[in-house]
Amino acid sequence: VFSKIFSHEALESYLPKIQLVIKDTLRAWSSNPECINVYHEAQKLTFRMAIRVLLGFRIPDEELGRLFEVYQQFVENVFSLPVDLPFSGYRRGIRARETLQKGLEKAIQEKLQNTQGKDYADALDILIESGKEHGKELTMQELKDGTLELIFAAYATTASASTSLIMQLLKHPRVLEKLREELRSKGILHNGCICEGSLRLDNISSLHYLDCVIKEVLRLFTPISGGYRTVLQTFELDGFQIPKGWSVMYSIRDTHDTAPVFKDVDVFDPERFEQGRSEDKDGRFHYLPFGGGVRTCLGKHLAKLFLKTLAIELASTSRFELATRTFPKITLVPVIHPVDGLKVKFFGLDSNQNEILAGTDAMLGATV
């Protein structure tokens with residue numbers, strides 16, 4: 001039922017809306033006279049993307065802000081001890097979930113009653129129709145659970161990867177320059193502006209260097225540490241017998257750090273994924289930022305599309321610089337992110353600055 005939400009046709013319909021949400025967000029960041037906390041703002045961005053694009057909810061901005069605060073309280077207490085005492089994290093998480101589900105039920109009911117003025121099928125529309133095709137009319141509780149699952153899946157990990165992407169573009173301006181050169185060569189970027197109608201799924205798929213950049217961000221800064229599986233039949237690993245029915249955990253980060261196919265594992269090097277090297281092609285499970293096997297992440301193509309669209313907008317329409325003397329340290333929990341959230345100052349670009357940026361890119365592009 002969920003798989004249709006992430007089909008090629010669905011992603012094509014989401015893309016203009018994703019681009020619009022990202023454009024509005026970058027415009028707001030650039031108009032802020034102060035530096036921003038990228039990780040916190042990226043969480044707001046991915047939450048807004050899930051609510052506006054995936055679910056198609058027409059929630060006013062003020063109410064959306066309150067819902068975001070409640071959602072953060074829910075997420076912060078997901079991994080608390082299951083002790084139901086007053087003022088415990090578990091109790092706070094339960095209350096936040098109840099408040100969230102009330103808000104989601106109201107939004108779902110309004111959405112089901114008001115179907116006019118829609119210009120695309122969002123994920124919730126597809127989920128409802130897919131359920132009907134499989135002979136299952138989803139109940140309100142199932143719809144609430146499904147929407148909460150979609151928000152949860154799109155939220156923390158995508159915000160983490162977005163923050164890592166911005167940090168690496170700051171650390172490696174040459175990568176940013178090469179991205180701009182590729183955008184110009186494909187007719188997407190002209191005179192410092194994105195050409196109207198150029199951001200289509202097939203165009204984005206043709207951007208091979210951009211794909212390499214996103215792959216390298218996810219290799220070096222995989223948002224989550226690993227995943228869980230249940231053993232379906234007893235097997236042996238390095239002389240140890242693992243019984244059927246046991247729960248096992250695999251580590252994504254340790255796999256990326258120790259996989260023999262990757263050279264200089266600590267170096268941010270997008271070129272390692274280009275055709276000449278293709279370091280991710282040797283073996284099935286050396287590179288697995290979205291997990292592996294039949295339980296690989298359903299939303300991986302949507303996540304990559306979001307990150308690629310963000311990178312295109314950053315390379316095309318934004319100027320930004322680190323607001324601290326040094327880059328922050330990285331913490332791995334609950335998902336990987338800078339300890340200070342990454343303080344960055346964004347600047348708006350007027351037409352003159354776009355022309356200067358385009359001219360600078362042209363000169364740099366000749367030497368890339």
Exercise for the section: Please give, to one decimal in nm, the separation of the simple spin-label points placed at E196 and H8, each 7 Å out from Cα toward the Cβ. Expected result: 2.8
Fill in the blank from the handout: Largest-first semi-axes in Å of the equivalent ellipsoid built from the Cα gyration tensor of the chain are 33, 28, 22
Completion exercise
Taking 0.36 nm per residue of separation between N203 and S88 and subtracting their Cα-Cα distance, the length gained on full extension comes to 36.4 nm
Exercise for the section: Just need the relative contact order of the chain here, percent rounded to a whole number, with Cα pairs under 8 Å and 6+ apart. Expected result: 25
Handout entry: GNM flexibility winner over the chain from E196, E149, E41 (Cα, springs under 10 Å)
Key = E196
Fill in the blank from the handout: Length gained, R58-H172, 0.36 nm per residue minus C-alpha separation, equals 37.2 nm
Fill in the blank from the handout: Summing -39500 (n - 2.57) over every DSSP H run of at least 4 residues in the chain and dividing by its residue count gives a helix-only mean residue ellipticity at 222 nm, to the nearest 500 deg cm²/dmol, of -17000 deg cm²/dmol
Exercise for the section: Using a Förster distance of 30 angstrom, determine the FRET efficiency expected from the C-beta separation of Q141 and Y250, and round it to 0.05. Expected result: 0.40
Handout entry: Per residue solvent-accessible surface (Å²) - the chain, probe of 1.4 Å
Key = 52
Exercise for the section: Below 20 Å Cα-Cα, how many Lys pairs turn up in the stretch 42-188? Only count pairs eight or more apart in sequence, or on different chains, if you could. Expected result: 10
Problem - Accessible area of the stretch 98-149 belonging to carbon and sulfur atoms, whole % at 1.4 Å probe - result: 46
Exercise for the section: Please sort 86-95, 6-15, 150-159 by packing, taking for each peptide the average over its residues of neighbouring beta carbons within 10 angstrom, highest first. Expected result: 150-159, 6-15, 86-95
Handout entry: J(HN,Hα) series, the stretch 290-307, from Karplus relation 6.51 cos²θ - 1.76 cosθ + 1.60, nearest Hz, glycine and proline x
Key = 10, x, x, x, 5, 9, 5, 4, 5, x, 4, 6, 5, 4, 5, 5, 4, 5
Completion exercise
In whole percent, the fraction of accessible protein surface over the stretch 1-81 that belongs to carbon or sulfur atoms, probe radius 1.4 Å, stands at 55
Problem - Per-residue ³J(HN,Hα) for the stretch 68-80, Karplus 6.51 cos²θ - 1.76 cosθ + 1.60, θ = phi - 60°, Hz, x for Gly and Pro - result: 5, 5, 5, 5, 4, 5, 4, 5, 4, 10, 4, 9, 7
Exercise for the section: Two decimals is fine: what's Rg over Rh for the stretch 171-267, C-alpha atoms, Kirkwood radius as Rh? Expected result: 1.19
Fill in the blank from the handout: A student applying the Cα gyration tensor rule (rounded when a/c is under 1.5; otherwise prolate if a/b is larger than b/c, oblate if not) would label the stretch 79-221 oblate
Practice task
Can you tell me the order of 51-60, 115-124 when each peptide is scored by its average per-residue count of other Cβ atoms within 10 angstrom, highest first?
Solution key: 51-60, 115-124
Problem - Karplus 3J(HN,Hα) series, Hz, for the stretch 205-221 with 6.51 cos²θ - 1.76 cosθ + 1.60 (x for Gly, Pro) - result: 5, 7, 7, 6, 5, 4, 4, 5, 4, 5, 4, 6, 4, 6, 6, 7, 10
Exercise for the section: Could you work out how far the C-alpha centroid of the stretch 83-161 sits from that of the stretch 204-256, in angstrom? Expected result: 28
Handout entry: Point-charge dipole on Cβ atoms (K/R +1, D/E -1) for the chain, about Cα centre, debye to 20
Key = 400
Fill in the blank from the handout: Note on the stretch 46-128: alpha-carbon gyration tensor, axes a ≥ b ≥ c; rule is a/c under 1.5 for rounded, else prolate if a/b larger than b/c, else oblate; result prolate
Fill in the blank from the handout: With Cα springs under 10 Å, the Gaussian network model of the chain assigns the largest mean-square fluctuation among S278, S30, S225 to S278
Practice task
Mind counting lysine pairs for me in the stretch 187-331? Cα separation below 24 Å, and the two need to be 8 or more apart along the chain or on different chains.
Solution key: 13
Handout entry: For peptides 172-181, 236-245, sequence by mean Cβ density within 10 Å, most packed first
Key = 172-181, 236-245
Completion exercise
Row for the stretch 1-151, column shape: gyration tensor on C-alpha, a ≥ b ≥ c, rounded if a/c < 1.5 i.e. under 1.5, prolate if a/b over b/c, else oblate; value oblate
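The values are calculated or read from the model by the stated rules, or taken from the named source; none is laboratory data. No experiment lies behind these values; they were computed from the predicted model shown. Neighbour counts are summed over all protein chains in view; Cβ atoms, including those assigned to glycine, are modelled from backbone coordinates with ideal geometry. Ligands, DNA and RNA are excluded from the accessible area calculation, which covers all protein heavy atoms including side chains. Shrake-Rupley method; radii C 1.70, N 1.55, O 1.52, S 1.80 Å.
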